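Participant: Mind looking over this structure? Questions follow.
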Amino acid sequence: MKNSAIRNVCNAAFLAVIIQVIGCVENVREESPDTIAGSVKHDSRPDKQNLTWFAPELHLSHYRTLFYGYDTIDYRLAASEHPETKMNDGFRLLIDTSYGGNVRHYAFARLADESTRVIHHYQHDTEQCKIFNSLISSCLYRDRFSLNLSRSDLENARVAGLQLLLTSGAQDYERIDLPYELYTRIS
């Protein structure tokens, strides 16, 4: 009887954790265009970069062997919205990366048509360094940067979405994409 009660409590706790985790990993890519458009944020006061229009944040992660963790990329499309017309002419892709291993030197993003966009760096932090398995010294880094996209960049990619390869020129890093639903309803 006691074992059965403990098992039921453990099962209930496990189910609660699973429900909580599933609720936290909502994937905006799976939402309808109307839902995505409805989750765009408009701020009446511009931020430090003079941005007032923010698309939902997207997230990518890749498992890394050092430090037993994940390299992550959080990114979102943002723009300055003209107060009178509520139109966005130029857009900025805001990118926040956390990774382990060697320092990355993000220089530009290559689009599917082989054109490039220069990366503008805001912040580079060394979060932690340590010895892994008593053999390898490695660090965790965080980089924040952005790149500019035009309205025509987004309009040209309306059917298939926009794919970008983050690179240093000598080495390719991550491939990210903006699903077309994120900007089918842009002002």
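Participant: With the requirement that a residue be at pLDDT below 90 and either hydroxyl-bearing (Ser, Thr, Tyr) or surrounded by 12 or more Cβ atoms within 10 Å (Cβ to Cβ) (or both), what does region 48-59 give you?
Facilitator: GLN49, LEU51, THR52, TRP53, PHE54, ALA55, PRO56, GLU57, LEU58
Participant: Look at PHE108 and say whether it is of a type in the set (Phe, Trp, Tyr), touching a Ser or Thr at 6+ places or on another chain (Cβ under 6 Å) and either without any contact (Cβ under 8 Å) to a residue 12 or more places away in the chain or over 26 Å from LEU51 (Cβ atoms) (or both).
Facilitator: no
Participant: Picking from ILE95, ILE36, which residue would you name as being modelled with pLDDT under 70, of a type in the set (Val, Ile, Thr) and not in a loop (DSSP other than H, G, I, E, B)?
Facilitator: ILE36
Participant: Hey, another quick one. Would you call ARG64 in contact with a Phe, Trp or Tyr (Cβ under 9 Å, 6 or more places away or on another chain), surrounded by 11 or more Cβ atoms within 10 Å (Cβ to Cβ) and modelled with pLDDT under 80?
Facilitator: The answer is yes for ARG64.
Participant: Could you please let me know if ILE186 is at pLDDT 85 or above and not polar (S, T, N, Q)?
Facilitator: no
Participant: Additional query: Would you pick out the residues in region 111-129 that are closer than 19 Å to GLN49 by Cβ and touching a residue at least 40 places away in the same chain (Cβ under 8 Å)?
Facilitator: Once the filter is applied, which keeps residues that are closer than 19 Å to GLN49 by Cβ and touching a residue at least 40 places away in the same chain (Cβ under 8 Å), region 111-129 yields ARG117, ILE119.
Participant: Of all residues in region 97-114, count the ones that are aromatic (Phe, Trp, Tyr) and closer than 17 Å to LEU60 by Cβ.
Facilitator: Result for region 97-114: 2.
Participant: I would also like to ask the following. Looking for whichever is of a type in the set (Ser, Thr, Tyr) and surrounded by 12 or more Cβ atoms within 10 Å (Cβ to Cβ) here; the options are SER152, SER115, SER134, SER138. Which one fits?
Facilitator: SER138
Participant: Same structure, new question: Against the condition of a type in the set (A, V, I, L, M, F, W, C) and either touching a His at 6+ places or on another chain (Cβ under 9 Å) or at pLDDT 85 or above (or both), how does LEU140 come out, does it pass?
Facilitator: Judged against the criteria, LEU140 is a match.
The values are calculated or read from the model by the stated rules, or taken from the named source; none is laboratory data. All values derive from a computational prediction rather than experimental measurement. Ideal geometry is used to build each Cβ from the backbone, glycine not excepted, and the neighbour counts take in all protein chains shown.
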